[in-house]
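Heads up, the thing below is written out as structure tokens.
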Amino acid sequence: MTCLTKIPYTDISQQHAAIKEKLLAAVERVIDHGKFVLGPQVEEFESRFAQLCQTKHALGVGNGTDAIILALKAVGVGPGDEVITVANTFVSTVSSIIAVGAKPVLVDVRDDYNIDPRLIEKAITPRTKALLPVHLTGRPADMDPIVSVARKHHLKVVEDCAQAVGAEYKGQKVGSLGDIGCFSFHPLKTLNACGDGGAIVTNDEQFYQKVKILRDNGMKNRSECVAWSGNSRLDTIQAAILLVKLDCLKQWTEKRIENAKFYQKELSKLDSIRFPVDQPYEKAVYHTFVIQADKREALIDYLAQKGIGTKIHYPIPVHLQPVAQELGYKKGDLPVTEKQSQEILSLPVYPELSQENLAYIVQMIKEFYES
Ligand SMILES: Cc1ncc(COP(=O)(O)O)c(C=O)c1O
């Protein structure tokens, strides 16, 4: 079996080719009205995004990292506090905790790559202020036990939904399950801007008002400043682009899920590969399709030779990053996370992949293990 085209790990140009005219028209409308900062498209996007996330409020911010930083500040996390999260995540989940002056406390994950709720209670100290579960790969973390331990100990829950727009846990959208949900619209995300972008969602009026002020230099209105803060607003041009893409999101997500199901069906026959299966109570949106593979490095090379791009999310868990030395963790502290980091591999799963592409990828993986 041969595939004439190379299959990159991601290919945003294919997505854009299909909607380029609509994107250009949307940008043109913003250029024509000239309200580049907090213009009407930002408000329209916020209203539609809140609806999508089943929350009362949404606020557009500069990027996903700022969304987490602003959310932590809004729920009252500051210097001296501790926040419990995972090391199997993009580094910004953890660096956002550092950015507000707090201490990250890292616990291990389950087979589904998400925080293991059974380990949270043991990690709580009198300084713990919040839990920061990550819905990694687009699969919701097991939120019922997470929220219940948080309520028991009077902790806030900030959800890192950067990879999980539209994912559901027991019929409820991620972002609406804790106190504040944080999203990224980085170009590689499922709902993506043409540049940086992010949002927070919440049902809490107070947290909403706080983030609204904090994202805008602490300004309560045009003249009154009530908090020292910075500037992290979603650009009107990016909001206009996101509005166009919001119309496609359902279809894109369905195709991602379909692609993932194809992989699951085909690869479940291989003993050398493992991956999480969907639980009846969850809807995973497959931002990434992450397998755990024997002989991973050789598989990466083999697939590369066959024209197939792959990535590792993430090769070095945060607690073993050079910068994290000051946190005092060592190899062996988070055994599941560390084992996964040696075996995980993300396969292409974007909606524009053809059936021929998918069949070719599966065929090459089988060929690798059977040869
Ligand atoms: C899990 C996770 N958290 C946070 C972020 C940060 O988002 P951004 O790159 O928009 O700052 C990302 C994405 O990059 C992410 O994948």
Exercise. Does Ile308 fit the bill of being aliphatic (A, V, I, L, M) and touching a Cys at 6+ places or on another chain (Cβ under 9 Å)?
Worked result: yes
For this session: Give me the pairs, please: first residue somewhere in the stretch 162-188 and hydrophobic (A, V, I, L, M, F, W, C), second residue anywhere and assigned to a loop (DSSP other than H, G, I, E, B) and away from the ligand (no atom under 16 Å from the Cβ), beta-carbon distance under 7 Å, and either six or more positions apart or on two chains.
Result: Ile180/Val75
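Every residue, every condition in (1) within 14 Å of the ligand (Cβ to nearest atom); (2) surrounded by fewer than 20 Cβ atoms within 10 Å (Cβ to Cβ); (3) at pLDDT 95 or above, yes or no:
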{"position": "Gly39", "(1), (2), (3)": "no, yes, yes"}
{"position": "Ser47", "(1), (2), (3)": "no, yes, yes"}
{"position": "Ala58", "(1), (2), (3)": "no, no, yes"}
{"position": "Thr65", "(1), (2), (3)": "yes, no, yes"}
{"position": "Gly78", "(1), (2), (3)": "no, yes, yes"}
{"position": "Ile84", "(1), (2), (3)": "no, no, yes"}
{"position": "Phe90", "(1), (2), (3)": "yes, yes, yes"}
{"position": "Ser95", "(1), (2), (3)": "yes, yes, yes"}
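Quick one: would you say Glu159 is at negative phi and within 13 Å of the ligand (Cβ to nearest atom)?
Numbers: at negative phi: yes; within 13 Å of the ligand (Cβ to nearest atom): yes.
Here the answer is yes, as Glu159 does meet what is asked.
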For this session: Report yes if Gly60 is outside the structural domain of Ser346 (by TED's automatic domain parsing) and in a loop (DSSP other than H, G, I, E, B), otherwise no.
Result: no
Seminar exercise, completed: Screening Val157, Val149, Val165 for residues that are surrounded by 20 or more Cβ atoms within 10 Å (Cβ to Cβ) and closer than 21 Å to Val75 by Cα leaves only Val157
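The values are calculated or read from the model by the stated rules, or taken from the named source; none is laboratory data. This one's a predicted model, so the numbers in the text were calculated from it and none came from an experiment. Glycine gets a Cβ as well: all are built from the backbone with ideal geometry, and neighbour counts include every protein chain shown.
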